[in-house]
1. Any idea how many residues of the stretch 91-130 are part of a loop (DSSP other than H, G, I, E, B) and either assigned by TED's automatic domain parsing to the domain that holds Glu26 or without any contact (Cβ under 8 Å) to a residue 40 or more places away in the chain (or both)?
2. Take the residues in the stretch 75-90 that are among the aliphatic types (A, V, I, L, M) and part of a strand (DSSP E or B), then tell me which one is surrounded by the fewest Cβ atoms within 10 Å (Cβ to Cβ).
3. Please specify each residue of the stretch 61-103 satisfying the condition of being within 21 Å of Ala149 (Cβ to Cβ), of a type in the set (A, V, I, L, M, F, W, C) and touching a strand residue (DSSP E or B) at 6+ places or on another chain (Cβ under 6 Å).
4. Here are Glu133, Glu158: which of them is outside the structural domain of Val41 (by TED's automatic domain parsing), in a strand (DSSP E or B), over 26 Å from Gly30 (Cα atoms) and within 16 Å of the chain's Cα centre (by Cα)?
5. For the subset of the stretch 104-121 comprising residues that are surrounded by fewer than 16 Cβ atoms within 10 Å (Cβ to Cβ) and out of contact with any strand residue (DSSP E or B) (no Cβ under 8 Å at 6 or more places or on another chain), which member is farthest from Thr63 (Cα to Cα)?
6. Yes or no: the stretch 134-155 includes at least one residue that is farther than 18 Å from Val86 by Cα, aromatic (Phe, Trp, Tyr) and touching a residue at least 40 places away in the same chain (Cβ under 8 Å).
7. Assuming Asn78 fulfils every condition listed in (1) in the same structural domain as Val137 (by TED's automatic domain parsing); (2) free of Cβ contacts under 8 Å to residues at least 24 places away in the same chain; (3) in contact with a Pro (Cβ under 8 Å, 6 or more places away or on another chain) apart from one, which condition is it?
Amino acid sequence: MTAYTLYIVLALVVMFLFSAIKILREYERGVVFLLGRFWKVKGPGFIIIIPLIQQMVRVDLRTVVMDVPSQDVISRDNVSVHVNAVVYFRVIDPEKAIIQVENFYVATSQLAQTTLRSVLGKHELDEMLAERERLNVDIQSSLDQQTDAWGIKVSNVEIKHVDLDESMIRAIAKQAEAERVRRAKIIHAEGEMQASEKLLEAAQTLSQKSEAMQLRYLQTLTEIAGERSNTIVFPLPMELLEKLTTTGK
């Protein structure tokens, strides 16, 4: 064997080893096909793939953060809003993720957009603004059920923004202002009712003892005397008026 032939053999061996030896990281798995048919899932670490006979597809098992583009959603009460969200998912079954769907990332993205419109369209605008946590759970549950056949686990969905038209923002502001006025009137009415109840209790207490009324009368004079006004008004007891009226008759 000549030196030239030896170099050729060594070059072929190096090329074989270079194409056969694969290193998979801790978060990676290799879906191996043998003559076009699925064989097994390998990794992580050092694996050997026979060139031309076996092929390997790398799959990343880390959580993927995918931004869902803004979607035009019509709520159940016929309000048009623009909603965008973020989806957290990861591959839990590399075999299904490669065999059952052509591109699991694109498929999950498209499914997330349609699911977002479908779920939010069943709720009213007030629910979108006030109950995001419940809506996040509903979208996540619906999306996870559909991606389970692809070996994808949707762990979380977060609605980021709910954008409204200017006219709708003004309408909501008027509604909030009206609600505050309503609450203020109710609080004022409740205060008047409580005050009347307390005044009634005080009148009943003072009517039990004539001395209590006299003490209250003197206390009122003391408060008036402490003011800067020079005019002092002396209240006339109602009993005296009754006696004068009786005598006149």
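The values are calculated or read from the model by the stated rules, or taken from the named source; none is laboratory data. Computed from a prediction, not measured in an experiment: that's the story for all the values here. Cβ: placed from backbone, ideal geometry, glycine included. Neighbour counts: every protein chain shown.
1. Of the residues in that region, 2 qualify.
2. Among those residues, the one meeting the criterion is Val86.
3. Leu61, Val64, Met66, Val68, Val87, Phe89, Val91, Ile92, Ala97, Ile98
4. Testing whether each residue is outside the structural domain of Val41 (by TED's automatic domain parsing), in a strand (DSSP E or B), over 26 Å from Gly30 (Cα atoms) and within 16 Å of the chain's Cα centre (by Cα) leaves just Glu158.
5. Among those that are surrounded by fewer than 16 Cβ atoms within 10 Å (Cβ to Cβ) and out of contact with any strand residue (DSSP E or B) (no Cβ under 8 Å at 6 or more places or on another chain), it is Ser118.
6. First, the residues of the stretch 134-155 that are farther than 18 Å from Val86 by Cα: 148-151.
Among the residues that remain, those that are also aromatic (Phe, Trp, Tyr) are: 150.
Filter once more, so that each one left must be touching a residue at least 40 places away in the same chain (Cβ under 8 Å): 150.
Yes: one or more hits.
7. Among (1) in the same structural domain as Val137 (by TED's automatic domain parsing); (2) free of Cβ contacts under 8 Å to residues at least 24 places away in the same chain; (3) in contact with a Pro (Cβ under 8 Å, 6 or more places away or on another chain), Asn78 violates only (3).
Table: residues versus (1) of a type in the set (Phe, Trp, Tyr); (2) farther than 30 Å from Lys42 by Cβ; (3) over 18 Å from the mean Cα position of the chain (by Cα).
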| residue | (1), (2), (3) |
| --- | --- |
| Tyr88 | yes, no, no |
| Val91 | no, no, yes |
| Pro94 | no, no, yes |
| Phe104 | yes, no, yes |
| Ile152 | no, no, yes |
